[in-house]
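Inspection log for the structure reproduced underneath, given as C-alpha cells.
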Amino acid sequence: MKRTYPDYYQQFRCIADRCGHNCCVGWEIDIDGGTLRRYLRMKGPMGERLRQSIEITADGASFAADAEGRCPLLNANGLCDLIADQGEKALCQICRDHPRFRNRLRDREEIGLGLCCEAACRLILGNGEKPGLITEDDGRSKAAPGGAEQRWLDARDHLFDLIWTPSLDIDSCLSLAMSRYYGISRVPYTSRYWSRFFLSMEHMEPSWIERLKKLHDRKSQYMTIPPSDDDGQLRRLATYFIYRYAVHGWKRRRSQHNSCVAFAALSVYMIYLIGKETGDLYEAARQYSAEIEYSDINVEKLLDKFDRYAEEYI
C-alpha cells in the first residue's frame, strides 16, 4: 500500500497548553465504536470518569461538553487528563488523528495536516517555498488508480506546476487553474457577495462573523490579489487546498468543471482578504479552515454553489 504526505507532515507536534485555540474546546468530539467499548469496560477512577463524560444517542457517542464547550477531560491547564493517566494510545480515533486528514484512493492513502490547527497552519504556510509530496510504498499493493482517478492525479500534478509558475504572480496562476479545470478564468462574483454568502452558513466563533461583516462593508471588488502582494505562503495555501480536494472533483462531476478547484481558489482569496484586513494571514487561514473546512455542511454548500454556477453559465 502506498502512503503519500507533504514533506512537512512529519514535523508536526501538538503544542498542547501553548495553543491559543484548543481543539478540545468548541468542537463535537465523536467516539468511534471500538474506543467506546473500551471506555465502557475500563476500570478504576478514569474508567468511571469516562463513563460519566460520554453522551450516547441514536447518532452515536461523543464527549458531553460543558457550558463553555470544553471537553470534560480537559483540565484547567489546557491538557488532557486521559493522556496524563493512560497515555495517547487511550484516545479515540478523532483525537488521535486531529488535525490530520486522510483521503483513500485505490492504490494509496493520502494524508495531510488541516489548517484549523495553529501549529499545523505554521507548517502549511511555511517559509514560502514549494512543498513536496513524499510517497512511501510497502510493495504489497497490486491495485492501481482507476482511469478517472489517474487522470485527476495527473491533473493535480499539472495544477501544482501552474500554482508555482515562477514567471507568474499568484493571481495569474489561480486564473490559469480556474480556466483549465473549471471553465472560467476568475472566481465569479465579488468580495461583498461572498462575504454575504459566508454569513449565511453555520459558524462557530463570533469573531468570524465580525470579520465577514467588515469584509462586506468594504468596497466591493472582484476576487483578485495584486502582484505586489504575491507571496509564497499564498501559493502554499493553494497547494494545500489542491492537494486535499482536487482529486475528488472527478467524483462530483466527470467533466472539466471541477468545483473543487474553484473552491480551492475561492479559499485562497477569502483567506487573503481577511488576512489583509486583520494583518494576520495565519489566523485568517486557521479560522477559515475551522469555520468552513471542518463543517461538511459548509463545504457542500460551496461546492454545490460552484456546481450550479457551472451548469447555468459555463
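The table below gives the values:
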| read-out | value |
| --- | --- |
| Lone qualifier among 180, 122, 106, 186 - being of a type in the set (Lys, Arg) and at pLDDT below 90 | 106 |
| The listed residue being touching a Pro at 6+ places or on another chain (Cβ under 9 Å) and at pLDDT 95 or above, out of 195, 191, 172, 200 | 172 |
| Residues of segment 155-174 classified as under 22 Å from the mean Cα position of the chain (by Cα) and either among the charged types (D, E, K, R) or more than 21 Å from residue 244 (Cβ to Cβ) (or both), total | 4 |
| Out of 170, 209, 163, 184, sole residue that is touching a Cys at 6+ places or on another chain (Cβ under 6 Å), among the hydrophobic types (A, V, I, L, M, F, W, C) and assigned by TED's automatic domain parsing to the domain that holds residue 278 | 163 |
| Count of residues meeting criterion [touching a residue at least 40 places away in the same chain (Cβ under 8 Å), of a type in the set (Gly, Ala, Ser) and not in a loop (DSSP other than H, G, I, E, B)] in segment 49-85 | 0 |
| Failed item, numbered, when residue 88 is tested on (1) free of Cβ contacts under 8 Å to residues at least 24 places away in the same chain; (2) in contact with a Cys (Cβ under 9 Å, 6 or more places away or on another chain); (3) assigned by TED's automatic domain parsing to the domain that holds residue 216 | (3) |
| Complete set of residues in segment 196-211 that are without any contact (Cβ under 8 Å) to a residue 40 or more places away in the chain and not acidic (Asp, Glu) | 196, 199, 200, 206, 209 |
| Any hit, segment 199-206, residues being exposed (fewer than 15 other Cβ atoms within 10 Å of the Cβ), in a helix (DSSP H, G or I), assigned by TED's automatic domain parsing to the domain that holds residue 262 and out of contact with any Phe, Trp or Tyr (no Cβ under 7 Å at 6 or more places or on another chain) | yes |
| Test: residue in segment 17-40 that is assigned to a loop (DSSP other than H, G, I, E, B), in contact with a strand residue (DSSP E or B) (Cβ under 9 Å, 6 or more places away or on another chain) and of a type in the set (S, T, N, Q) | yes |
| Residues being crowded, with 24+ Cβ neighbours inside 10 Å and assigned to a helix (DSSP H, G or I) - total across segment 174-186 | 3 |
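So that you can scan it fast, the table gives a plain yes or no per residue for (1) part of a helix (DSSP H, G or I); (2) closer than 18 Å to residue 113 by Cβ; (3) without any contact (Cβ under 8 Å) to a residue 24 or more places away in the chain; (4) out of contact with any Lys or Arg (no Cβ under 7 Å at 6 or more places or on another chain):
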position: 213; (1), (2), (3), (4): yes, no, yes, yes
position: 233; (1), (2), (3), (4): yes, yes, no, yes
position: 236; (1), (2), (3), (4): yes, yes, no, yes
position: 247; (1), (2), (3), (4): yes, yes, no, no
position: 257; (1), (2), (3), (4): no, no, no, yes
position: 264; (1), (2), (3), (4): yes, yes, no, yes
position: 276; (1), (2), (3), (4): yes, no, no, yes
position: 290; (1), (2), (3), (4): yes, yes, no, yes
position: 299; (1), (2), (3), (4): yes, yes, no, yes
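The values are calculated or read from the model by the stated rules, or taken from the named source; none is laboratory data. Since we're looking at a predicted model, the values are computed, not measured. No Cβ is skipped: glycine too gets one built from the backbone with ideal geometry, and neighbour counts run over all protein chains shown.
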